[in-house]
Amino acid sequence: VASASESCAETGTTAAIERKHVGPRMSQTVIHQSTVYLAGQVASNKRYGTITDQTTDTLATIDALLAEAGTDKTKLLQATIWLSDFRFYDDMNAVWDAWVDPEQTPARGCFESRLAFPGYDVEIMVVAAR
């Protein structure tokens with residue numbers, strides 16, 4: 001866990017930025033004031049599996065990272081979802097709909113995109129309030 005402070009020029013105050021799971025290219029979690037930003041998450045299972053398996057695994061990772069940051073899915077502000085093929089849309093949504101709080105849904109975009117590595121069919125990035 002690494003943290004940094006940056007000066008806010010407009011107010012002359014210092015706003016702490018906390019980073020968790022820091023790597024040379026990116027942090028998995030960045031917290032600024034009361035907002036939590038997660039990097040795009042993919043299935044952690046090396047065998048990948050079906051879109052249902054991948055989405056379930058990815059959302060479990062998101063739950064764990066949000067909990068570590070002191071928040072949860074009921075405080076989601078925004079979600080961005082990338083699918084390797086839009087034929088997975090309905091199956092991914094079935095898992096998403098069972099997971100998300102229907103009274104606290106975030107702003108959401110879903111896009112078809114080639115993902116970084118073959119075998120990954122879904123990537124999800126979220127922003128949440130704390």
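The values are calculated or read from the model by the stated rules, or taken from the named source; none is laboratory data. Being a predicted model, the structure only gives us computed values, none of them experimental. Methodologically, a virtual Cβ is constructed for each residue, glycine included, from the backbone with ideal geometry; neighbour enumeration extends over all protein chains shown. Calculation scope for accessible area: heavy atoms of the full protein, side chains included, ligands and nucleic acids excluded. Shrake-Rupley method; radii C 1.70, N 1.55, O 1.52, S 1.80 Å.
So which pairs qualify, if the first residue must be in region 52-71 and more than 15 Å from Met125 (Cβ to Cβ) and touching a residue at least 12 places away in the same chain (Cβ under 8 Å), the second must be part of a helix (DSSP H, G or I) and not aliphatic (A, V, I, L, M), the Cβ gap must be under 9 Å, and the two must be at least 6 apart or on different chains? If the second residue must be part of a helix (DSSP H, G or I) and not aliphatic (A, V, I, L, M), the pairs left are Thr52/Asp91; Thr56/Trp99.
So, in region 54-74, exactly how many residues are on the phi < 0 side of the Ramachandran plot and outside any helix (DSSP H, G or I)? Show your work before the answer.
Within region 54-74, the subset on the phi < 0 side of the Ramachandran plot is 54-69, 71-74.
Filter again for outside any helix (DSSP H, G or I), leaving 69, 71-72.
So the answer is 3.
Tell me, please, whether a residue that is of a type in the set (S, T, N, Q), crowded, with 17+ Cβ neighbours inside 10 Å and in a loop (DSSP other than H, G, I, E, B) can be found in region 35-53. Outline the logic, then answer.
Pass one, region 35-53, residues of a type in the set (S, T, N, Q): 35, 41, 44-45, 50, 52.
Next cut, crowded, with 17+ Cβ neighbours inside 10 Å only: 41.
From what is left, the residues that are in a loop (DSSP other than H, G, I, E, B) are none.
Checking region 35-53: not a single residue is of a type in the set (S, T, N, Q), crowded, with 17+ Cβ neighbours inside 10 Å and in a loop (DSSP other than H, G, I, E, B).
Among the residues of region 34-67, just one is modelled with pLDDT of 95 or more and of a type in the set (Phe, Trp, Tyr), namely Tyr37. Reported count of residues in region 75-128, each being part of a strand (DSSP E or B), in contact (Cβ under 8 Å) with a residue 60 or more places away in the chain and open to solvent by 30 Å² or more (accessible area, probe 1.4 Å), is 2. Of the set (1) within 17 Å of Val100 (Cα to Cα); (2) not in a loop (DSSP other than H, G, I, E, B), all apply to Gln28 but (1).
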